[in-house]
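The values are calculated or read from the model by the stated rules, or taken from the named source; none is laboratory data. Predicted, not measured: the structure shown is a model, and the values here were computed from it. All Cβ positions, even for glycine, are placed from backbone atoms using ideal geometry, and neighbour counts span all protein chains on display.
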Amino acid sequence: MKWYLSQLGRREHYSLAVALHRQRGLAVLCTDIWAAWTARLPALLRPCGLAQRYRVDLADAPICAEPWLNVWRTWTDRRSPFDCWVAQGERFGRFAAEVYRQRGLGVGDTALGYTCGNLEQFTLAREVGARTIHVQVDPGPAWYDTRAAAHAANPRAGTMPAGPSRAFLQRVREEISLADRLVVHSAHSLRSLASAGLDISRGVVVPPAFSPVGQGVARRLQPGRPLRVLYVGYVNLAKGFHVLAAASRTLGADIAVTVVGGLQMEPAYLRAIAPDVEFIGHVAQAEVARRMAQADVLVFPTLSDGFGLVQLEAMAQGLPVIATSACGEVVRNGRDGFVVPPGDVESLVEALRRLRREPDLYAAMSQAALGRATEFGPERHLAGLLASPDDARHPDQYPDPLPDRFL
């Protein structure tokens, strides 16, 4: 059996493709940008963003990148985001389907793709008798409802982003309908899809692949200074930044919050809710790692998320993580961090206070986080994809990661 993969962007740092290539199971990886040429440049001249669109351990792998004209059309498309994504998905899908056809996709093979970028490949796969796996990267329509509710409750945060277009939702529904297996990265996503009326009978939770980069170290808190709190991601309501901002105002000088990521809120609103927060903006992955090395704890206060790979990136650096129950089941409450209810400022404040006042607990959590980061490797991800369909479970069979009593 050969695997035919297609992905837009550098999802999971190409970990699945690497695992399949090592096992000689990769027929082809279709992607939008493959910047192998950046590896030949001196480090100082290497464009950080494009350099991340390549992995040296795939140097001899069968990779097919879209024509640059397609990429240019995507970059210059000024329509609404969802209309752009549909157009991009259609162009990419046609390109990848033709590559699959030329490479001999057939009976016994597997075609795997991600949300809004695999309809044309799946149509071909059905014609030739190949198996199809759709990876739904977000919690689906329910996520947009959560975002709308957050904006209704916080109107000064800025204009609410446009909701999904009918064409986008229809495309995703068709992709799911053509899939022999529906893969999501968290039980939260599976429950969210079910609540939106989507068919999850072929659904299974498979956490994404993650391989730690470098060697993190266990931490100990330094007495006499604020707890260094790091937030990584877009600064918006859906990610729960306003919840962290409220906790920061409550804790005052006891914590120092640094934010890495693009701003998606009104500047005046941010100044009002987070007057003492340091905003770094969007930076390259190497700088994110450097900021993690300087922090004490990562807070991931999302209201709804498909997984949240940043949790594992932080743990690989030895950071305990405080996350909500509305994302991937990474944090083991009380062992390598805390799980709090989404939107619950009081619980987040108490979790931060406990970390600061219990240095021995903090040290134990840091050590446990390093081990936890190694448990989501590509081999585990691939094993989940290969598991029997009988392993798929209804979302009600997944325990809610939030305990009956917090702390």
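Taking region 54-99 as the region of interest, how many residues are among the basic types (Lys, Arg) and within 24 Å of the chain's Cα centre (by Cα)?
Taking region 54-99 as the starting set, the residues that turn out to be among the basic types (Lys, Arg) are 55, 73, 78-79, 91, 94.
Checking the rest, the ones that are also within 24 Å of the chain's Cα centre (by Cα) come to 55, 91.
Total meeting the criteria: 2.
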key: Single match in 221, 178, 182 (criterion: closer than 30 Å to residue 284 by Cβ and in contact with a Lys or Arg (Cβ under 9 Å, 6 or more places away or on another chain))   = 221
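Go through region 291-319 and count every residue that is of a type in the set (S, T, N, Q) and either out of contact with any Cys (no Cβ under 8 Å at 6 or more places or on another chain) or not assigned by TED's automatic domain parsing to the domain that holds residue 349 (or both).
Just the residues of region 291-319 that are of a type in the set (S, T, N, Q), to begin with: 294, 302, 304, 311, 317.
Of the ones still in play, those that are also either out of contact with any Cys (no Cβ under 8 Å at 6 or more places or on another chain) or not assigned by TED's automatic domain parsing to the domain that holds residue 349 (or both) are 294, 317.
Qualifying residue count, region 291-319: 2.
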ask   = Which of (1) under 27 Å from residue 368 (Cα atoms); (2) outside the structural domain of residue 301 (by TED's automatic domain parsing) is the odd one out, the single condition residue 177 does not satisfy?
value = (1)
inquiry  = Quick test for you: out of 276, 360, 296, pick the one residue that is of a type in the set (Asp, Glu), in contact with a strand residue (DSSP E or B) (Cβ under 8 Å, 6 or more places away or on another chain) and within 18 Å of residue 218 (Cα to Cα).
reply    = 296
inquiry  = Between a residue in region 90-118 that is small (Gly, Ala, Ser) and any residue that is assigned to a loop (DSSP other than H, G, I, E, B), which pairs come within a Cβ distance under 6 Å, given they are 6 or more apart or on different chains?
reply    = 108/1; 111/130; 117/8
inquiry  = Given the criteria touching a strand residue (DSSP E or B) at 6+ places or on another chain (Cβ under 6 Å), in a helix (DSSP H, G or I), under 23 Å from residue 131 (Cα atoms) and touching a residue at least 40 places away in the same chain (Cβ under 8 Å), does residue 17 qualify?
reply    = yes
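Taking residue 173, is it free of Cβ contacts under 8 Å to residues at least 60 places away in the same chain and more than 24 Å from residue 31 (Cα to Cα)? Working first, answer last.
On the way: free of Cβ contacts under 8 Å to residues at least 60 places away in the same chain: yes; more than 24 Å from residue 31 (Cα to Cα): no.
Criteria not met by residue 173.
Please state which one of 167, 179, 162, 148 is without any contact (Cβ under 8 Å) to a residue 24 or more places away in the chain and more than 20 Å from the chain's Cα centre (by Cα).
Working: 167 fails: without any contact (Cβ under 8 Å) to a residue 24 or more places away in the chain; 179 fails: without any contact (Cβ under 8 Å) to a residue 24 or more places away in the chain; 162 fails: without any contact (Cβ under 8 Å) to a residue 24 or more places away in the chain.
The conditions single out 148.
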message = Out of everything in region 144-190 that is acidic (Asp, Glu) and surrounded by fewer than 20 Cβ atoms within 10 Å (Cβ to Cβ), what residue ends up being farthest from residue 129 (Cα to Cα)?
response = 145
